[in-house]
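A quick write-up on the structure given underneath.
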Amino acid sequence: IKKIVVLTSGGDAPGMNAAIRGVVRAALSEGLEVFGIYDGYLGLYEDRMEKLDRYSVSDMINRGGTFLGSARFPQFKDGSVRAKAIENLKKRGIDALVVIGGDGSYMGAKRLTEEGFPCIGLPGTIDNDVAGTDYTIGYFTALETVVEAIDRLRDTSSSHQRISIVEVMGRHCGDLTLAAAIAGGCEFIVLPEIEFNREDLVNEIKAGISKGKKHAIVAITEHICDINELARHIEQETQRETRATVLGHIQRGGPPVAYDRILASRMGAYAIELLLQGYGGRCVGILNEKMVHHDIIDAIENMKRPFKGDWLETAKKLY
Ligand code: ADP
């Protein structure tokens, strides 16, 4: 291979810039030509790409977000839209595409691979919900952000003997909530992997109050319930002031922590190694600190992320 191209897609995550840098610098060091596509699959379809050199990624390792931009482009599910995308790549003589994104972005990469254009996927999302890897790029930074927010809520909650509900991102994956709840010392944890029973939660909070707890922090993953409604219900049942906080997009921003930068750099360089070894249609992961790769189709269709049940058991002992 001689020419490759890189894009970032789906929800942005801290460390995406470091991953682009890793791909670009590793490719250049192997004598490859590298292009960057703006705004994910949308820019690929619209043929918006530019050649990158080593200075294109200067001062990027510490910057949050993605300088290439990202986009949601549901039209990419349409075969004729992808055919145009492949045509754009082929007319420039590009041999392979590196996609940095979450599982939605992997679906796009899987389709392109099936249609004859080799892609390598790098897991870039704060949700840590991608199969075939212990951790995704951006997760550790978001974790720090969430824990800092919980620390702040704890200060004010304990001063006012208040109950705080904090909603954490993660879509269908509770990893971010669970890890942040342990690190933030939350009393109650509600995760998408475990069926939610509102009355059980209320009873647990009541039991905590009668044990003499001055405050309670409930960490809950997004999309489980309306947390403002939940707060009103808990307040009614416990007679304790209850506040809901949705952390929202704060969790996506900020400079990546060192681990995310290292993960992004390693994964970026590994993607180039794989391409030079002749691999296509693979997704990169880290398992037990080692770089690994899986068939991207197999990862999407058959691999499941293990739920950290033992973490939850530990957390409950520490309530
Ligand atoms: P993430 O990558 O963070 O999971 P999304 O789920 O929004 O984010 O996916 C990002 C983009 O990937 C979508 O906007 C779309 O362009 C592309 N994509 C998602 N699902 C598919 C699919 N089934 N086929 C082709 N492209 C897809």
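Ser29 meets the conditions (1) in contact (Cβ under 8 Å) with a residue 12 or more places away in the chain; (2) under 20 Å from Ile262 (Cα atoms) in every case but one. The failed one is (1). In a residue-by-residue description of the range 190-198, the property of being in contact (Cβ under 8 Å) with a residue 40 or more places away in the chain and either within 16 Å of the ligand (Cβ to nearest atom) or open to solvent by 10 Å² or more (accessible area, probe 1.4 Å) (or both) applies to at least one position. Being within 14 Å of the ligand (Cβ to nearest atom) and in contact with a Lys or Arg (Cβ under 8 Å, 6 or more places away or on another chain) holds for only one residue in Gly121, Gly93, and it is Gly121.
When you look at His223, is it within 16 Å of the ligand (Cβ to nearest atom), open to solvent by 50 Å² or more (accessible area, probe 1.4 Å) and more than 18 Å from Glu144 (Cα to Cα), yes or no? Against the criterion (within 16 Å of the ligand (Cβ to nearest atom), open to solvent by 50 Å² or more (accessible area, probe 1.4 Å) and more than 18 Å from Glu144 (Cα to Cα)), His223 qualifies. Limited to the range 12-39, what total is found for residues that are within 16 Å of the ligand (Cβ to nearest atom) and touching a helix residue (DSSP H, G or I) at 6+ places or on another chain (Cβ under 7 Å)? Residues that pass the stated criteria total 7. Inside the range 247-261, residues that are surrounded by 16 or more Cβ atoms within 10 Å (Cβ to Cβ) and either over 15 Å from the mean Cα position of the chain (by Cα) or within 30 Å of Ser210 (Cα to Cα) (or both) make up a count of 1. Residues that are more than 8 Å from the ligand (Cβ to nearest atom) and either free of Cβ contacts under 8 Å to residues at least 60 places away in the same chain or open to solvent by less than 10 Å² (accessible area, probe 1.4 Å) (or both) within the range 61-77 comprise Thr66, Phe67, Leu68, listed in sequence order.
Being over 18 Å from Pro256 (Cβ atoms), part of a helix (DSSP H, G or I) and touching a residue at least 24 places away in the same chain (Cβ under 8 Å) is a description that applies to Arg111.
Once the range 127-174 is narrowed to residues that are under 23 Å from Gly208 (Cα atoms) and acidic (Asp, Glu), the residue that is nearest to the ligand (Cβ to nearest atom) is Glu167. The residue pairs whose first member lies in the range 153-165 and is aliphatic (A, V, I, L, M), whose second member is open to solvent by 80 Å² or more (accessible area, probe 1.4 Å), and whose beta carbons are closer than 8 Å, counting only pairs six or more residues apart or on different chains, are Ile163/Arg243; Ile165/Arg243. For the range 103-118, taking the residues that are within 21 Å of Ala18 (Cα to Cα) and open to solvent by less than 10 Å² (accessible area, probe 1.4 Å), the one that is nearest to the ligand (Cβ to nearest atom) is identified as Ser105.
As a summary of the residue check, Ile286 satisfies the conditions (1) buried (at least 17 other Cβ atoms within 10 Å of the Cβ); (2) part of a helix (DSSP H, G or I) except for the one numbered (2).
Per the conditions (1) surrounded by fewer than 22 Cβ atoms within 10 Å (Cβ to Cβ); (2) within 8 Å of the ligand (Cβ to nearest atom); (3) assigned to a loop (DSSP other than H, G, I, E, B); (4) modelled with pLDDT of 95 or more, the sole criterion not satisfied by Arg82 is (3).
Within the range 246-260, restricting attention to residues that are in contact with a strand residue (DSSP E or B) (Cβ under 9 Å, 6 or more places away or on another chain) and part of a helix (DSSP H, G or I), which residue is farthest from Glu229 (Cα to Cα)? Even if it seems obvious, please write down each step before you answer.
Of the range 246-260, the ones in contact with a strand residue (DSSP E or B) (Cβ under 9 Å, 6 or more places away or on another chain) are 246-248, 251, 256, 260.
From the residues that got through so far, the ones that are part of a helix (DSSP H, G or I) too are 248, 251, 260.
Working: Gly248: 17, Gln251: 22, Asp260: 35 Å.
Step by step, filter the range 246-260, then rank; the result is Asp260.
The values are calculated or read from the model by the stated rules, or taken from the named source; none is laboratory data. All values reported here derive from a predicted model rather than from experimental measurement. Please note: Cβ atoms are built from the backbone with ideal geometry, for glycine as well, and neighbour counts cover all protein chains shown. With ligands, DNA and RNA removed, areas are computed over all heavy atoms of the protein, side chains included. Shrake-Rupley method; radii C 1.70, N 1.55, O 1.52, S 1.80 Å.
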